[in-house]
1. Sorted by packing (mean other beta-carbon atoms within 10 Å per residue), highest first, where do 121-131, 97-107 land?
2. Largest first and in whole Å, what are the equivalent-ellipsoid semi-axes of the stretch 54-207 based on the Cα gyration tensor, each being the root of 5 times an eigenvalue?
3. Compute the whole-percent fraction of alpha carbon pairs in the stretch 121-204 spaced more than 23 Å apart.
4. Each residue of the stretch 175-190 in turn: what ³J(HN,Hα) in whole Hz from Karplus with 6.51, -1.76, 1.60 and θ = phi - 60°, glycine and Pro shown as x?
5. In terms of modelled amide H atoms, which long-range or inter-chain residues lie less than 5 Å from the amide H of Ser70?
6. Each residue of the stretch 143-152 in order: what ³J(HN,Hα) in whole Hz does its phi give by Karplus 6.51 cos²θ - 1.76 cosθ + 1.60, θ = phi - 60°, with x for Gly and Pro?
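Derivation of every value follows stated rules applied to the coordinates shown; laboratory data play no part. Just so we're clear, the structure is a prediction, and the values are computed from it rather than from any experiment. Positions of Cβ are generated from backbone atoms using ideal geometry, with glycine treated the same way; all protein chains shown enter the neighbour counts.
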Amino acid sequence: DHLKGSEILRRLWTRVPQHRYPVFLVSQQEPHQLLRDFGVPNPSWSQEMMDQFEKFTKMSEDGSWQRMPSYNNSHSKLGYKPRKHQDACLFVRNVATEGRGFEFAMFYNGSERRMVVLLQLGSYLEGMIGFVHGGAVAAILDHTFVGCGICTLGIVVTANLSVTYKSPIPLGSVVLVETKVEKVEEKKIFLSGCVQSTDAQNLHAEATGEGGCFAGARLLPEKSSWNWRFTLGLIFGVALILGQL
């Protein structure tokens, strides 16, 4: 027997993860996927990190900014085949203990083609005594560049990344990793970015990057107004249609 539309809607809704903070569904992500989003506050976050998160969450209310979910593995719905290694973990999410590695939240502005990552750097990222390893800085810049490229254009991989270090970052610091798209030429995307203190008084690194784009699904829809109300409206409409069958 066919399920009624209301029953379909109820079942779909109960499978949608509930979040304290707004999360905008990516166009290729199914609502029933129960993946853990690591881009939300946990007990290891400092007050400065929380203040920045609340600031950008507030900025997201008008739809100009969107907080992007952050998982610990590559999403298999982006248009490529699932990975062979089922235990694979993203490099920037491979420290299980909260607060020891990269703690971050990602926000994207579609109209400006710009991404800002709020980043707290843990003690397992040490290079010179008391300071963050340069490789860790390059890794989060690379992650941010690719994230910005994916949100803007589609599936992107790094072709070139150039980092100029300006000043060391003390362990435990909260910084902003900012990236923006400079131009797009056919299947190439060019970006620039920096790592700086939250008050913009200390510049820690500058970077430029180039990425290659592959044909596939976009991570975000063309308009930046994609939100939960649109998603639920779509689900409700489908449920009503199925209920008439």
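1. The most tightly packed comes first, giving 97-107, 121-131.
2. Listed largest to smallest, the semi-axes of the stretch 54-207 are 23, 20, 16 Å.
3. Value for the stretch 121-204: 26 percent of Cα pairs lie more than 23 Å apart.
4. 3J(HN,Hα) across the stretch 175-190, in whole Hz: 10, 10, 9, 10, 9, 9, 7, 8, 6, 10, 10, 6, 9, 10, 10, 10.
5. Long-range HN contacts for Ser70: Phe38, Gly39.
6. For the stretch 143-152, the Karplus curve yields 4, 5, 4, 5, x, 5, x, 5, 4, 7 Hz.
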